[in-house]
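Enquirer: Structure incoming, see below.
The values are calculated or read from the model by the stated rules, or taken from the named source; none is laboratory data. Quick caveat: nothing in here was measured; it's all calculated off a predicted structure. In this analysis, Cβ positions are derived from the backbone assuming ideal geometry, glycine residues included, and neighbour counts consider all displayed protein chains. Remember, those area values only see protein heavy atoms, side chains included, never the ligands or the DNA or RNA. Shrake-Rupley method; radii C 1.70, N 1.55, O 1.52, S 1.80 Å.
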Amino acid sequence: MANSPEVDEPTREYPAVPDEDAAAPTPVRRSGFARLLIFTGFVFALMVAACLGLRAINVLPTFDNPFEDQTIDRSQPVLLQSMRDLNRYVAADGTFQVIVDLEESKENIPDFLVNRRTLFVGSGTVEAYVDFGALDGDGLKVDEAKKSIELTLPAPEQSQAALDMAKSYVVAEERGLLNRIGDAFGDEPNKQQAVYQMAQQRITEAARSSGMDQRARDNTQRMLESLFARLGYTTVTVTFANP
């Protein structure tokens, strides 16, 4: 029997044979410094968390800000200059507010060179009082039989306005060029004194026309009537002298 012709079969693909001479891949390992850094960060985070936890339950004290503002009081002790006895009865007071717009300039000099304009809001209090120390001998007449009293009092007076600096403030201030230069080299501590005095004067004048005198008369009369009624007097007549 004749031999059948040989059939060429396709060549099969074989897996690649590893080269023994090739270097094997080196596994990635963290260095000792990296491990130390990670450990240090973990310990620090743990310590911060522990401190916050202890502070939350008030175990650790509060640490103040080392850069916080500090106020040092070097004021001298208060010196008593005078003392006097007052025999007056404050029957009424009023609180007033005034807006002062004061400008100081020089003639024949432009305002942009020399000028100071201050807009100031002043708040002050004025008292209306009756001075019982000025009551003379004929100012008090008492009739025990009729249980009556006649009083002749001096007219009510008003005090000067007392500015409340906690409620008074400068709204705006305009200064000329030379004024700015002068303030830069030497600031005058009393440069606002004129504004304060004008506000005080305006408030004092306004109080005179506010009707406080009549209120002081009425309050003083009611106070004396109530006082002597408790002492058993049925008739109390209060008269005020002319101002």
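Enquirer: Given the criteria touching a strand residue (DSSP E or B) at 6+ places or on another chain (Cβ under 6 Å), open to solvent by 30 Å² or more (accessible area, probe 1.4 Å) and either at pLDDT 85 or above or not aliphatic (A, V, I, L, M) (or both), does THR118 qualify?
Expert: no
For (1) open to solvent by less than 100 Å² (accessible area, probe 1.4 Å); (2) modelled with pLDDT under 75; (3) more than 30 Å from GLY122 (Cα to Cα); (4) in contact with an Asp or Glu (Cβ under 9 Å, 6 or more places away or on another chain), each residue gets a yes or a no:
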{"position": "PRO5", "(1), (2), (3), (4)": "no, yes, yes, no"}
{"position": "VAL78", "(1), (2), (3), (4)": "no, no, no, no"}
{"position": "MET83", "(1), (2), (3), (4)": "no, no, no, no"}
{"position": "PHE96", "(1), (2), (3), (4)": "yes, no, no, no"}
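Enquirer: So LEU54 passes all but one of these: (1) surrounded by 10 or more Cβ atoms within 10 Å (Cβ to Cβ); (2) farther than 30 Å from PHE240 by Cα; (3) modelled with pLDDT of 75 or more. Which condition number does it fail?
Expert: Of (1) surrounded by 10 or more Cβ atoms within 10 Å (Cβ to Cβ); (2) farther than 30 Å from PHE240 by Cα; (3) modelled with pLDDT of 75 or more, only one is false for LEU54: (3).
Enquirer: Can you find a residue that is small (Gly, Ala, Ser), open to solvent by less than 80 Å² (accessible area, probe 1.4 Å), modelled with pLDDT of 75 or more and over 25 Å from MET212 (Cα atoms) anywhere in the stretch 103-113?
Expert: no
Enquirer: Out of the residues in the stretch 229-243 that are within 45 Å of the chain's Cα centre (by Cα) and in a loop (DSSP other than H, G, I, E, B), state the one that is modelled with the lowest pLDDT.
Expert: PRO243
Enquirer: When you go through (1) in contact with a Lys or Arg (Cβ under 9 Å, 6 or more places away or on another chain); (2) open to solvent by less than 50 Å² (accessible area, probe 1.4 Å); (3) at pLDDT 90 or above one by one for ALA216, which number turns out not to apply?
Expert: (1)
Enquirer: Now for a different question. If you scan the stretch 142-197, which residues turn out to be at pLDDT 80 or above, of a type in the set (Asp, Glu) and part of a loop (DSSP other than H, G, I, E, B)?
Expert: GLU144, ASP164
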